[in-house]
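The structure under discussion appears below in the form of structure tokens.
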Amino acid sequence: MSELTTEVERLSLVIEIGGMPVRVNTTEPSFLAMLQNRYAGYVTGSQPAEIDFDIELIRPSGVEPDADVSVTQRNGRWTLTRGDFRAEWSPASRSGWIRQSANPYSIDAVLRIVHTLVLARQGGFLMHSASAIRNGEAFLFAGVSGAGKTTISRLAPSDATLLTDEISYVRKQRDGYIAYGTPFTGELAKLGENVSAPIAAVYLLAKGPENRIDPIDPGEAARSILANVLFFAEDEELVQSIFHSAFEFVSRVPVLRLTFVPDARVWELIG
Amino acid sequence: MSRLYLARNPKVAARSIGGEMMIMSGHDSTLFTLNQTAAILWQSADGSTPLDEIVDRRICAEFDVDRSEALQDAESLARELAGHQILQLSEAPIPQPAGHYAAKPAGPTGGSR
């Protein structure tokens, strides 16, 4: 009797960002190879993961990846959609699936969203900022597009370790906050180092005629942090958590304004 | 003339920091920094104190303003805050869960949205 089914090999890798391992399962070797390349430095062995995602690859839809994101929860199950992907994730079962074409951008967006959801319950967040470690401490550099995140990252001296030039990973610890490296890149297109350090300060970037650091009032600090936190979910409880987390953060971490001339001397003020 | 009662939307998160009162709508994640009058309304919105009493006790008593003008401005502001789903408004007292209005940080001042 002939075989009616064929067993398809299930291929997996674990992507660990911010200390949270996420396993991705696919049946397509070329997609796995692409992920290994995309997340180099963040791919770990086959240890147990906190979340398992099965990838279902489909033909490209032609929809722009910057279409609106929708992140909703119903009966404990999250649904994530954008023009180029659809995903579901159940925190209770720690598993989900992603339906997308074979591109790195869709899964990158899913990972960012999932990390924001997990962090929101733990007092942490992803933040639109560059970050780097110097002398054992992490420094975040926040600002609107064009404020200088890429510039300050590019100017980092050799003794600074770049964590990201675009999206910082902030995790709450008992006595402070830790910044982790991320593979989420901006214009520099360079993956951050997969290391972490306690956060010593956040600098709000502004280009100017001299290098200087100025204090800002607590209200402006809180507004600035909230303006730069990445959060996508339509969920009132988690929105409140993020709001309170930002205030907790500014009560523990100095938030300062860094005005800088775009040359390497600015790093003489940091670390 | 009917009286207007105010209550805080329980789905709004609020914090006072550095003398500023900030609130965020859980509905659409909009962040508001309340000005002095809006902060007074927010703090006083207990569901049982009518707006005219709030104006008398917290605005006219503290600021040199005309009562009818202050009441008109306060009602306009209360309706605007209700439009953003920050406050609930009613012509009858609004029942609140026990302990809902425990002491909150005070002293908001400052800017606008």
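The values are calculated or read from the model by the stated rules, or taken from the named source; none is laboratory data. Since the structure is predicted, the reported quantities are computational estimates derived from the model, not experimental observations. Here the Cβ is made from the backbone with ideal geometry for all residues, glycine too, and neighbour counts use every protein chain on show. Protein only, heavy atoms only, side chains kept; ligands, DNA and RNA dropped before computing areas. Shrake-Rupley method; radii C 1.70, N 1.55, O 1.52, S 1.80 Å.
Laid out as a table, the results:
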quantity	calculated
Meets criteria (free of Cβ contacts under 8 Å to residues at least 24 places away in the same chain, within 14 Å of chain A (Cβ to nearest Cβ), closer than 30 Å to residue A:71 by Cβ and out of contact with any Leu (no Cβ under 7 Å at 6 or more places or on another chain)) for residue B:26	yes
Unique match (being over 16 Å from the mean Cα position of the chain (by Cα) and over 20 Å from residue A:244 (Cβ atoms)) among A:163, A:155	A:155
Where residue B:52 falls short, out of the listed (1) surrounded by fewer than 16 Cβ atoms within 10 Å (Cβ to Cβ); (2) free of Cβ contacts under 8 Å to residues at least 60 places away in the same chain; (3) more than 8 Å from every other protein chain (Cβ to nearest Cβ)	(1)
Hits in the stretch A:194-248 (condition: away from chain B (no Cβ under 14 Å) and either more than 19 Å from residue A:167 (Cα to Cα) or open to solvent by 50 Å² or more (accessible area, probe 1.4 Å) (or both))	A:194, A:195, A:196, A:198, A:207, A:208, A:209, A:210, A:211, A:212, A:213, A:214
Boolean, residue B:23 is closer than 30 Å to residue A:246 by Cβ, assigned to a helix (DSSP H, G or I) and of a type outside the set (Ser, Thr, Tyr)	no
Residue check, residue A:133 open to solvent by 10 Å² or more (accessible area, probe 1.4 Å), among the hydrophobic types (A, V, I, L, M, F, W, C) and assigned to a strand (DSSP E or B)	yes
